[in-house]
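*Asks:* Take this structure first; my questions come after.
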Amino acid sequence: MTDTVARPAPGSAHAATEEVSTIVQRRLLQTAIPGPRSRELQRRRESAVSAGFGVTLPVFVEQASGGIVVDVDGNQLIDLASGIAVTSVGASDPDVAAAVANQAARFTHTCFMVTEYDGFVDVAEALNRLTPGDHEKRTALFSTGAEAVENAIKIARTTTGRDAVIVLDHAYHGRTLLTMTMTAKHVPYKAGFGPYAPEVYRTPTAYPFRSPAGPGRATEDALARLKELVLTQVGTDRVAAIIAEPIQGEGGFIVPSPGFLPGVQEFAREHGIVFIADEIQTGFGRTGDMFASEHEGLVPDIITSAKALAGGMPLSAVTGRADLMDAVAPGSIGGTYAGNPVACAAALAAIAVIERDGLVERARAIEAQVLPRLRALADGCHMIGDVRGRGAMLAIELVKPGTTVPDPAAAKAIAAHCHAEGVITLVCGTFGNVIRLLPPLVIEPALLDDALDVIEHAIREYVNRAPA
């Protein structure tokens, strides 16, 4: 099931250990999914872990590499989740693993606010270089995406002296009190957790498939509604920030219609409002650009990033205009684990792999491989309402045939079929009716084709079983 290969000579980037086990990149089912050892561990989990943690697929992982996850029963599953867009360079990239081991051997923690270390500065410099725009920037590091978003709002409020925050329909920004409030979907993210944070206002996004004005006028309609909300209900002099995901993640992988986000950015600048791009899921090559904002030439005032930043280690960042980032008082942002040195080392290695191995271009190749197949499938399948996405962030929206009525039962059943056949897929969307594909950017084309075969078969099987 695995091959063992010798590591390079001492002194190389891979010299932390003598050998590494690499997983043969193919799907392999040894048992039913989940297998007996996973089921045993699941019983232990249920007696030890809070029921508040959900699970997509109750299998326990032994190891993972490239596009394959190996469970404790020896099944090899094709990974179309990447830990929700985290392991873009693979779940055990040797450069990242070596960087983690080397840094952990030096020191695991000091707290950057107590004694400093160069890895934090190195990551900040890399993000200042990579994010859109050639203006002077500063970066602050944290641990989670929600922390990054919350601190971006704090910075916007401090620098503008305003309180209100404008968010979009179908948005997802996190699970803390503020970011949960900013998130659109009620169940499971908000139900029972109120009262919510004040001064958060929601406006429609330009969702081509579901725009009340139709796809051709989605941009015009959504921009008009946003401007009306800000100008007549909230007041431009009260709005600190408008925050948007360049492609909405949990909301359904919604690619906004062309011109909408540039229009939002222009309106924000006209009125001294900070424009924040939440690139936590879209950043670091996922959409075929290093940052998804680049697709329409956006230069946000602030960008938040996390997920793929550190190759699986917990690290997030707020990168923005120097005048904004330096306006907050010393000690007003930070955290005990913010910019942990081991996570910083992992981030530097992951960024180097993305740039060295052309993974931004690889994301575009994944789009070119996957989208034509999904669109061809949609042409003969009336339950596929929309196929969309960019790079390796792609989705299928399922509806009642011939309508736009969401069909979450179909999405759930098709995902379950894929899981049983050894393909890890995720369901998302405000209505729970979207199957999202987030393969590692290093996935092999043949492995990706195998996963697509399984998805196509699952959809056709569901169509054939569905009542007329």
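*Asks:* Using DSSP, restrict attention to beta bridges with both residues in region 98-356 and report what percent are antiparallel, rounded to the nearest 5.
*Replies:* 45 percent
*Asks:* Applying 1/(1 + (r/R0)^6) with R0 = 45 Å to the Cβ-Cβ distance of Glu136 and Thr404, what FRET efficiency is obtained, to the nearest 0.05?
*Replies:* 0.45
*Asks:* Multiply the residue separation of Cys111 and Asn464 by 0.36 nm, subtract the distance between their alpha-carbon atoms, and state the gained length in nm to one decimal.
*Replies:* Once the chain is fully extended between Cys111 and Asn464, it gains 121.3 nm.
*Asks:* Still on this structure, I have one more. Subtracting the Cα-Cα distance from 0.36 nm times the residue separation, let me have the gained length for Ala32 to Leu371 in nm, one decimal.
*Replies:* Stretched out fully, the Ala32 to Leu371 stretch lengthens by 119.0 nm.
*Asks:* Only counting other Cβ atoms within 10 Å, I'd like Phe60, Phe253 sorted with the fewest neighbours first.
*Replies:* Fewest-to-most ranking of Phe60, Phe253: Phe60, Phe253.
*Asks:* Let me understand region 116-250 better: what is its radius of gyration from the alpha carbons, and its Dmax, in angstrom?
*Replies:* 16.8, 53
*Asks:* Check Val274: other-chain or 5+ apart residues with amide H under 5 Å from its amide H, H built from backbone geometry?
*Replies:* Ala241, Ile242
*Asks:* Quick one: what are the phi-derived ³J(HN,Hα) couplings along region 89-99, Karplus 6.51/-1.76/1.60 with θ = phi - 60°, whole Hz, x for glycine and proline?
*Replies:* Each residue's phi maps through the Karplus curve to give 8, x, 7, 8, 4, x, 5, 5, 4, 5, 5 Hz.
*Asks:* Count the DSSP beta bridges whose two residues both fall in region 181-332, then state the antiparallel fraction as a percent rounded to the nearest 5.
*Replies:* About 40 percent, rounded to the nearest 5.
*Asks:* What full-extension length gain, to one decimal in nm, is calculated for Thr158 and Arg45 as 0.36 nm per residue of separation minus the Cα-Cα distance?
*Replies:* 36.4 nm
*Asks:* Per residue of region 59-64, in order, report the coupling 6.51 cos²θ - 1.76 cosθ + 1.60 (Karplus, θ = phi - 60°) as ³J(HN,Hα) in whole Hz, putting x for Gly and Pro.
*Replies:* 10, 9, 8, 9, 7, 8
*Asks:* Pop a pseudo-label 7 angstrom from the Cα along the beta-carbon direction at both Thr176 and Asn102 and give the gap in nm to one decimal.
*Replies:* That separation, rounded to one decimal, is 3.2 nm.
*Asks:* In addition: Rank-order 26-38, 44-56, 83-95 by packing density, defined as the average count of other C-beta atoms within 10 Å over each peptide's residues, highest first.
*Replies:* My ranking of the peptides, most packed first, is 83-95, 26-38, 44-56.
*Asks:* Rounded to whole Å, give me the distance from the Cα center of region 216-246 to that of region 415-460.
*Replies:* Centre-to-centre (Cα) distance: 35 Å.
*Asks:* Let me ask something else about it. Can you give the convex hull volume of the alpha carbon atoms of region 37-193 per residue, in Å³?
*Replies:* Roughly 200 Å³ of hull volume per residue.
*Asks:* Separate question: Below 8 Å, C-alpha to C-alpha, sequence gap of six or more: please give me the relative contact order for the chain in percent.
*Replies:* Normalised by residue count, the contact order of the chain is 20 percent.
*Asks:* If we count other beta carbons within 10 Å of each Cβ, what is the order of Cys428, Cys344, fewest first?
*Replies:* Least crowded to most crowded, the residues run Cys428, Cys344.
*Asks:* Under a Cβ-Cβ cut-off of 13 Å, what is the net charge of the residues other than Ala350 that fall near it, where Lys and Arg count +1 and Asp and Glu count -1?
*Replies:* With Lys, Arg at +1 and Asp, Glu at -1, the net is -2.
*Asks:* Next question. Normalised by the number of residues in region 98-356, what is the relative contact order in percent for Cα pairs under 8 Å and 6+ residues apart?
*Replies:* Reported as a whole number, the value is 30 percent.
*Asks:* In terms of modelled amide H atoms, which long-range or inter-chain residues lie less than 5 Å from the amide H of Ile68?
*Replies:* Those lying under 5 Å, H to H, from Ile68 are Asp79.
*Asks:* Take the alpha carbon atoms of region 304-362, find their center, do the same for region 74-108, and report the distance between the two centers in whole angstrom.
*Replies:* About 16 Å separates the Cα centre of region 304-362 from the one of region 74-108.
*Asks:* So which GluC sites (Glu not before Pro) in region 52-132 are both in a DSSP loop and have at most 15 other Cβ atoms within 10 Å of their Cβ?
*Replies:* Hits after loop and neighbour filter: Glu116.
*Asks:* Something else about it: Against the globular-protein guess of 2.2 N^0.38 Å, express the Cα radius of gyration of region 56-97 as a ratio, rounded to two decimals.
*Replies:* 1.10
Each value in this text was obtained by applying a stated rule to the coordinates, not by laboratory testing. Worth saying up front: this structure is predicted, and the values here are computed from it rather than measured. Glycine gets a Cβ as well: all are built from the backbone with ideal geometry, and neighbour counts include every protein chain shown.
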